[in-house]
1. For residue 267, work out the one condition from (1) at pLDDT below 90; (2) over 24 Å from residue 324 (Cα atoms); (3) not assigned by TED's automatic domain parsing to the domain that holds residue 193 it doesn't fulfil.
2. With modelled with pLDDT of 90 or more and surrounded by 13 or more Cβ atoms within 10 Å (Cβ to Cβ) as the only criterion, which of 336, 314 stands out?
3. Kindly evaluate residue 433 against the criterion of being on the phi > 0 side of the Ramachandran plot and either surrounded by fewer than 20 Cβ atoms within 10 Å (Cβ to Cβ) or part of a loop (DSSP other than H, G, I, E, B) (or both).
4. State which residue pairs qualify: first residue within 12 Å of residue 398 (Cα to Cα) and inside the stretch 410-430, second residue crowded, with 24+ Cβ neighbours inside 10 Å and modelled with pLDDT under 90 in any location, beta carbons under 8 Å apart, and separation of 6 or more residues or different chains.
5. Select, from 192, 177, 203, the only residue that is buried (at least 19 other Cβ atoms within 10 Å of the Cβ), in a loop (DSSP other than H, G, I, E, B) and out of contact with any helix residue (DSSP H, G or I) (no Cβ under 6 Å at 6 or more places or on another chain).
6. Can you tell me how many residues in the stretch 452-486 are hydrophobic (A, V, I, L, M, F, W, C), under 19 Å from residue 510 (Cα atoms) and modelled with pLDDT under 95?
7. Among the residues of the stretch 419-447, what is the count of those that are of a type in the set (Ser, Thr, Tyr) and closer than 11 Å to residue 402 by Cβ?
8. Here is a list of conditions, (1) assigned to a strand (DSSP E or B); (2) closer than 26 Å to residue 368 by Cα; (3) not aliphatic (A, V, I, L, M), and residue 492 meets all of them except one; can you say which number that is?
Amino acid sequence: MRRGLVAMLLLVPLALFAQEVDEEELQSLGTDDLEFINYSGPYEQIDSVEEIVGIGRSLGGAARDGSSDFTLNGRYRIIRAVDPDEIGRLDADIFAPLASARVDHIDNLRRILSGFLQAAYDYSESDADLIARWVTIYNAVSRGNMEFYSARYKEIVLVNLSSENAGLSRRFDEWPGQSRVVVPLSADAAPGVLGSVDPGELGDERVVEELRSQDDRGVEDRQEMVDLTERVIEEQEEAIEEEQEAIADESERIDEEQEAIDSEREAIEEARDEAADLPADEREAAEREIAERETAADERQEQVDQDRANVEERAEDLAEDQQEVADLTTQIREEREQIARDTRALLDEREISDEVRGLEGDLSPVYFLQVRDDSGTILGQLVQINPVTGLLLNRSSEDRIISRTYTFLGGQLLVIVAEGDSGRVAQFDVTSLDEVQRGIDSVFLGSALEVAGDPARAYAVIESEGDYYLGRFDESLTLLDQSVIAVNPYTTIAFGGGRIYVQTADDRVVALSIEDLRIAP
């Protein structure tokens, strides 16, 4: 019969050590959990939450006391994999449940990690709980992927990992002796530093997308991590400002010292000139004094040069810190925007009732382009609306539709989708709103979009070598031909009497032959 966790607490003195958990690593996860398989049978003993958290606190206390490899009761091991001589990649704390470990539920594993973070880095309980959750998800998503870890972590970390144990299995019976949970550490990590665990690195795009695929898109936890990261940014900005002031003060002191040295050298030269006129016995004593003053000035100059070099190095490090904060700020802004979009989508989805879904097959839904302002560009999604209830039925996952209207081609919805600096014509299924296919030819982002003819053909303004032309597409979205004459990119496209009316590049309204898109006779 399985036994519960037995918490054995070690009283370990807490001494400072200079490493942080990298919160950038944890940045963009969510509320809905990955599916972990936990033990669900009976227990001989059930330990309290305090006892389980205590395991982590004992591990964290040992790490804080300076231990680089500590095992608690033969069951839980913490490895501090830190190498200050290797630059450019991450250090890590590695938590390893050993073969005799009895942790068998993801909640308890997270409690151990939370206790470790609280003891090792002075995180509050709420912050530690949030970070511990993200650490487990990050490690589950990257489980066994040594290419992933190798690209991010230092050699001292990698020697403790293998494709068999790297990361966290999603099965509880593959934790003891078979899983190693990597907690990424930032270069400035230390107790009391909020930015000890890096939310940017653990917010790897693959992890975010994994969380966004859950039913609630992980909005709540992602928002909490964004809030924590913004506090990290504030802390880092304060540290940068303090360092800027310190560098300025030190530079001013160095300049003043340099001026004093220069003045001393001028005085030495004056003394040398005066010594030349002295009697021989007095001149010899004066020259000895001058030599001593020159030696002292040389030593002061050497120190000033060294201090100036140190200040320049500090300034370079500060510039790197400023860039890192700027990058993290950009990442957070983008994540906030994504969270807002996901939240809006969730609210829309909650309006869809089973009753409305049941009516869907009997109704002809209304199609609508729901738009948003994305940094000055208006982009949208296709949505279906029940014409009886007015409630939303469905929406497209594509949210970069640039055209303001839709039409139909080959029984499918046709729109223009933004792709880079131009657009593409694209077709979407009328029921699922999934994208069916997309053309390969560049279409003007502000182009009109029309369908006419038998067989039906689509018309839009295409870009070619800096000019704009009317393009004609078939049902496979292949460009069949284009007008000979250049058109105004914002031209209306109108049909009548076997002709197509457009506005030319010089703003005349002309008729094109529907046969070959040349000027109609």
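The values are calculated or read from the model by the stated rules, or taken from the named source; none is laboratory data. Please read these numbers as outputs of a predicted model, since none were measured by experiment. A quick note on method: Cβ atoms are made from the backbone with ideal geometry, for glycine too, and the neighbour counts reach across all protein chains shown.
1. (1)
2. On the way: 336 fails: modelled with pLDDT of 90 or more.
That would be 314, the only listed residue that is modelled with pLDDT of 90 or more and surrounded by 13 or more Cβ atoms within 10 Å (Cβ to Cβ).
3. Numbers: on the phi > 0 side of the Ramachandran plot: yes; either surrounded by fewer than 20 Cβ atoms within 10 Å (Cβ to Cβ) or part of a loop (DSSP other than H, G, I, E, B) (or both): yes.
So residue 433 fits the description; yes.
4. If the second residue must be crowded, with 24+ Cβ neighbours inside 10 Å and modelled with pLDDT under 90, no pairs are left.
5. Working: 192 fails: buried (at least 19 other Cβ atoms within 10 Å of the Cβ); 177 fails: buried (at least 19 other Cβ atoms within 10 Å of the Cβ).
Matching residue, one of 192, 177, 203: 203.
6. Total meeting the criteria: 4.
7. Keep residues of the stretch 419-447 that are of a type in the set (Ser, Thr, Tyr), which gives 422, 431-432, 442, 447.
Then drop every residue that is not closer than 11 Å to residue 402 by Cβ, which leaves 422, 447.
Residues flagged as of a type in the set (Ser, Thr, Tyr) and closer than 11 Å to residue 402 by Cβ within the stretch 419-447 amount to 2.
8. Of the numbered conditions (1) assigned to a strand (DSSP E or B); (2) closer than 26 Å to residue 368 by Cα; (3) not aliphatic (A, V, I, L, M), the odd one out for residue 492 is (1).
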